[in-house]
Amino acid sequence: MQAVVKKNDQVEVTIEDIGSEGEGIGRYEGYTLFVKDTVMGDIVLVQVMKTGKTYGYARMIKLLQPSEFRVEPRCPIATKCGGCQLQHVDYKKQLEYKENKVRNCLTRIGGFHDFTMEPICGMEEPYYYRNKSQFPVGKNKDGGVAIGFYAGRTHSIIDTEHCYIGAKVNVEILSFLRTFIEKNNLEPYEEETHKGLVRHILTRVGYSTGEVMVCLVINGNTVPNKEELIQGLLNIQGMKSICLNVNKEKTNVILGEKVIPLWGEPYITDGIGSISYRISPLSFYQVNPVQTKKLYDIALEYADLHGDEVVWDLYCGIGTISLFLAQKAKKVYGVEIIPQAIEDAKTNAEINEIKNAEFFVGAAEEVLPRKYKEDKIYADVIVVDPPRKGCEQSLLDTILTMAPKRVVYVSCDPATLARDLKYLCEKDYELVKVQAVDQFSHSVHVETVCLLARKCVEIQ
Ligand code: SAH
């Protein structure tokens, strides 16, 4: 379709939907325009910025009629910050958007029409939920210290001390560290020149224990006045671990490999249900503890364990789901590609005195077929929780060959989820039920748990 508008045209559009990045989607004479910071139901005057064959981008000039789903964001920098894309959308509507996103992917990409979709599991209080925050440190325009968040799609730092989805204790931590950095003339890191010392501030909070970790990510080996730093941070309630992380690389990756403990242990402990987990600065750990408990409970319910099952937990991270499952299974095997995470998983099994969990380092798509070929392994249930790109087809083929009774698929990307489920269900599985969980309130991301059951094979 030829664009019916050109750059700089001003037109009126009604926003009908929200796109995958949280931008509003409207149509002008059938031509699709993406408009940032709008909500479905808004009527807006926009100026066209860029046009392509099938769609274009426009910016809102005037909100002619606000949608009933539009709310005032609590956070004053919500629209500038890249962290929250949906804070200006009523939370109930956010949940509906996420549930629809999952349903649409399963229908359009997966070709599923007949499955049970349970209502999305939302938060009661969708604020201050994150147990991990990473604040970039840099220079502001006047050469002073800027600590905050990156603006959407850029690396310019919006100075702030209060994040409405991070732990409340961060406000106190940032306030002290800002003064400490300024007073001791610590140079903030500059990406362009790769000069300066302080790159990021990482905080972690144990939701059930109240334990707090602060880790300064530095482009160097140490910081001056360590004692003052430690004493200042010890005034913060729950402080358990103060560390440095050395990152001297010219990279966007936040953490380097080396952790230097300054005070306390280089980890904190948190609990989900009755299991304790040890979390170090580098560990992957789900960021929303309240929702993680719900997510794992659903996964456990879908796995339907009675105590005599062999379960494989693929992409197991630090063994969080594995240990949850081990409480009800005969044996759980976890597979994860990052060696350090497997070390943590083993420690976590030990501190919880869980003896029926075993862990392997390696790519799931290599470990599983190898173990199947060499050791003739078996599975009653397979749980997968892959990163956004989903599972390799070869892994799905191994699952089909191993033929577990049930597959529980935990996913952070509905599109790759739908693709993978389609592949499994074209063969021997059927999609029984699906539930979305809001792990990332105010962002566009959504987590989903699905239960697949092996179709009954009729005996001739
Ligand atoms: N189930 C865990 C972690 C899920 S995140 C939890 O709930 O905490 C996905 C994990 O998959 C990450 O830990 C990542 O390191 C791991 N991973 C990525 N690619 C992998 C692969 N090919 N094989 C095994 N693990 C992989």
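Worth pointing out:
- Complete set of residues in segment 348-382 that are among the basic types (Lys, Arg), within 16 Å of the ligand (Cβ to nearest atom) and surrounded by fewer than 18 Cβ atoms within 10 Å (Cβ to Cβ): Arg370
- Evaluation of Leu300 against the conditions (1) assigned by TED's automatic domain parsing to the domain that holds Ile382; (2) assigned to a loop (DSSP other than H, G, I, E, B); (3) more than 11 Å from the ligand (Cβ to nearest atom) shows that the sole unmet condition is (2).
- Of note, Ala345 satisfies the criterion of being hydrophobic (A, V, I, L, M, F, W, C), more than 9 Å from the ligand (Cβ to nearest atom) and either under 22 Å from Pro119 (Cα atoms) or in a helix (DSSP H, G or I) (or both).
- Matching entry among Asp344, Asp385 (being surrounded by 17 or more Cβ atoms within 10 Å (Cβ to Cβ) and touching a Lys or Arg at 6+ places or on another chain (Cβ under 7 Å)): Asp344
- Of the residues screened, Gln286 is one that is within 22 Å of the chain's Cα centre (by Cα), modelled with pLDDT under 95 and of a type in the set (S, T, N, Q).
- When Val253, Val246, Val310 are screened for being hydrophobic (A, V, I, L, M, F, W, C) and in contact (Cβ under 8 Å) with a residue 40 or more places away in the chain, only Val310 passes.
- Ile399 being within 11 Å of the ligand (Cβ to nearest atom), surrounded by 24 or more Cβ atoms within 10 Å (Cβ to Cβ), assigned to a helix (DSSP H, G or I) and not aromatic (Phe, Trp, Tyr): no
- Screening Ala329, Ala363, Ala341, Ala357 for residues that are in the same structural domain as Ala415 (by TED's automatic domain parsing), modelled with pLDDT under 95 and either within 23 Å of Cys425 (Cβ to Cβ) or out of contact with any Pro (no Cβ under 8 Å at 6 or more places or on another chain) (or both) leaves exactly one candidate, Ala341.
- Pick from segment 423-454, criterion among the small types (Gly, Ala, Ser) and part of a loop (DSSP other than H, G, I, E, B), ranking: farthest from Pro126 (Cα to Cα): Ser443
- Filtered by the rule that a residue be farther than 19 Å from Cys391 by Cα and touching a helix residue (DSSP H, G or I) at 6+ places or on another chain (Cβ under 8 Å), segment 330-358 gives Val332, Ala345, Asn348, Ala349, Asn352, Ile354, Lys355, Asn356, Ala357.
- Pro261 touching a strand residue (DSSP E or B) at 6+ places or on another chain (Cβ under 8 Å), within 16 Å of the ligand (Cβ to nearest atom) and closer than 30 Å to Ser156 by Cα: no
- Residue list for segment 311-347, filter: β-branched (Val, Ile, Thr) and within 20 Å of Ala403 (Cβ to Cβ): Val311, Val332, Val335
- Listed by position, the strands (runs of 3 or more DSSP E) contained in segment 137-234 that have at least 2 residues being modelled with pLDDT of 95 or more, in contact with a Gly (Cβ under 9 Å, 6 or more places away or on another chain) and β-branched (Val, Ile, Thr) are 198-205, 212-218.
- Only a single criterion out of (1) more than 28 Å from Val253 (Cβ to Cβ); (2) in contact (Cβ under 8 Å) with a residue 12 or more places away in the chain; (3) more than 16 Å from the chain's Cα centre (by Cα) is not satisfied by Pro126, namely (3).
The values are calculated or read from the model by the stated rules, or taken from the named source; none is laboratory data. All figures in this text were calculated on a predicted structure; none of them were measured in a lab. Counting neighbours? That spans all protein chains shown, and the Cβs are built from the backbone with ideal geometry, glycine included.
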